[in-house]
1. Per residue, how much accessible area does the chain have with a 1.4 Å probe, in Å²?
2. Which order do peptides 208-217, 235-244, 191-200, 164-173 fall in by mean Cβ count within 10 Å, highest first?
3. Once Kirkwood radius over Cα pairs in Å is worked out from the coordinates, which option in (i) 19.7; (ii) 17.9; (iii) 22.7 does it equal?
4. Can you find, among PRO187, GLY200, ASN239, the residue farthest towards the positive end of the dipole of region 153-244? Put +1 on the C-beta of Lys and Arg, -1 on that of Asp and Glu.
5. Given charges of +1 on the Cβ of Lys and Arg and -1 on the Cβ of Asp and Glu, with all other atoms neutral, how large is the dipole of region 64-158 about its Cα centre, in debye to the nearest 20?
6. Give the percent of DSSP beta bridges with both residues in the chain that are antiparallel, rounded to the nearest 5.
7. State the Cα centre-to-centre distance between region 111-128 and region 215-244 in whole Å.
8. Would you please state which residues of region 179-221 a label at GLN236 would reach in this model, taking the label point 7 Å out along Cα→Cβ and a backbone N cut-off of under 14 Å?
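The values are calculated or read from the model by the stated rules, or taken from the named source; none is laboratory data. As the structure is a prediction and not an experimental result, all values here were calculated from the model. FYI the Cβ positions are ideal-geometry reconstructions off the backbone, even for glycines, and counts take in every protein chain you see. Areas reflect the complete protein model, heavy atoms only, side chains present, ligands, DNA and RNA absent. Shrake-Rupley method; radii C 1.70, N 1.55, O 1.52, S 1.80 Å.
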Amino acid sequence: ADLVFMVQLLAGTQTTLAPCTGFDDGGSQCGGTLPNQINSNFVVQGTPHSCSSAALVDGPTFVNAGAVLTVEPGAIVAGKKTSTSGDPSVLVIARGGKINAAGLATDPIVFTSDQAVDAGLGGPGGNQADWGGVELLGRAPVNFPGGSGNAEGLPLGQGIFGGNDPNDSSGVIRFARVEFSGITITPDNELNVVTQNGLGRGTTIDHVQANVGGDDCFEWFGGTIREKYLLATSCQDDNFDFFS
C-alpha cells in the first residue's frame with residue numbers, strides 16, 4: 001500500500017488525501033444521493049470506509065460510457081419509492097459503463113428500497129415494485145433488427161443495448177441482494193429486479209439474490225453472459241425470464 005501511494009504521488013495524479021479516497025480518480029460518497037448522470041468513476045462507500053449510511057437512487061440514475069461505479073462490500077444502495085422527479089428510481093449501467101460491486105460472502109452488498117428497514121432511513125418496510133432495481137446494458141449480440149434495441153421501461157435513446165462484442169464487460173456483481181423492485185411503467189413495459197440486456201461474457205454476475213419483485217426476478221434480453229449461483233425469491237411474475 002505504501003509503494004502504491006508513493007507511485008501515485010510521484011506521478012502527480014493524487015493529492016495528499018489519496019489514502020482517504022481509495023485512490024479513486026472520481027467522486028467518493030458515504031450515504032447521500034447519487035448523481036443522476038455518473039460520467040466519471042464514482043465510489044459508494046461501505047465497510048472499508050466504515051460507512052453504514054444508505055446511498056440513495058433518486059429517479060433514473062445512469063452510469064454512462066467510460067465511467068465505473070464501485071460499490072464497496074457492505075454498502076447499501078436504496079432506490080427512492082417516491083423520487084424527486086416523479087419518475088421510477090432505477091440504477092442503470094449504460095452501454096460502455098461498468099459496475100464494480102464485488103461484495104464478499106461475509107460482507108454482501110444490498111440494493112434495496114428506501115422503505116426497507118435495513119436501509120436505516122425510517123421506512124415502514126419494503127414491498128414489491130418500490131423501485132426499478134438494477135438494469136445493465138451491454139454490447140453483446142441480441143436478436144433485434146439492426147442488432148440493437150432500447151430497453152423496456154427506459155426513455156428512448158437512453159436504454160440502447162446490443163452490439164457485436166460477445167466478450168463485452170459491464171463489470172461485476174457478486175455476493176449481493178437486489179430487492180423490493182419490479183415496477184410496471186405501463187402494461188407490458190416493466191422494470192424488473194435485475195434486468196440484463198445484451199451482456200457479454202466478460203461480465204461477472206454470481207452469488208446474487210433477486211428478492212421480492214413486482215415483475216420478474218431475473219430477466220435477460222439476448223447476450224452471451226455466463227452466470228452461476230443465482231437465487232430468485234418471491235417475485236410476482238417469472239423467476240427467470242429469457243428473450244434470445
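1. For the chain, the solvent-accessible area averages 44 Å² per residue.
2. The peptides rank, most packed first, as 191-200, 208-217, 164-173, 235-244.
3. Checked against the structure: label (ii).
4. GLY200
5. Using only the charged Cβ atoms, the result is roughly 300 debye.
6. 10
7. So the two Cα centres are separated by 23 Å.
8. From region 179-221, the list is 180-193, 212-217.
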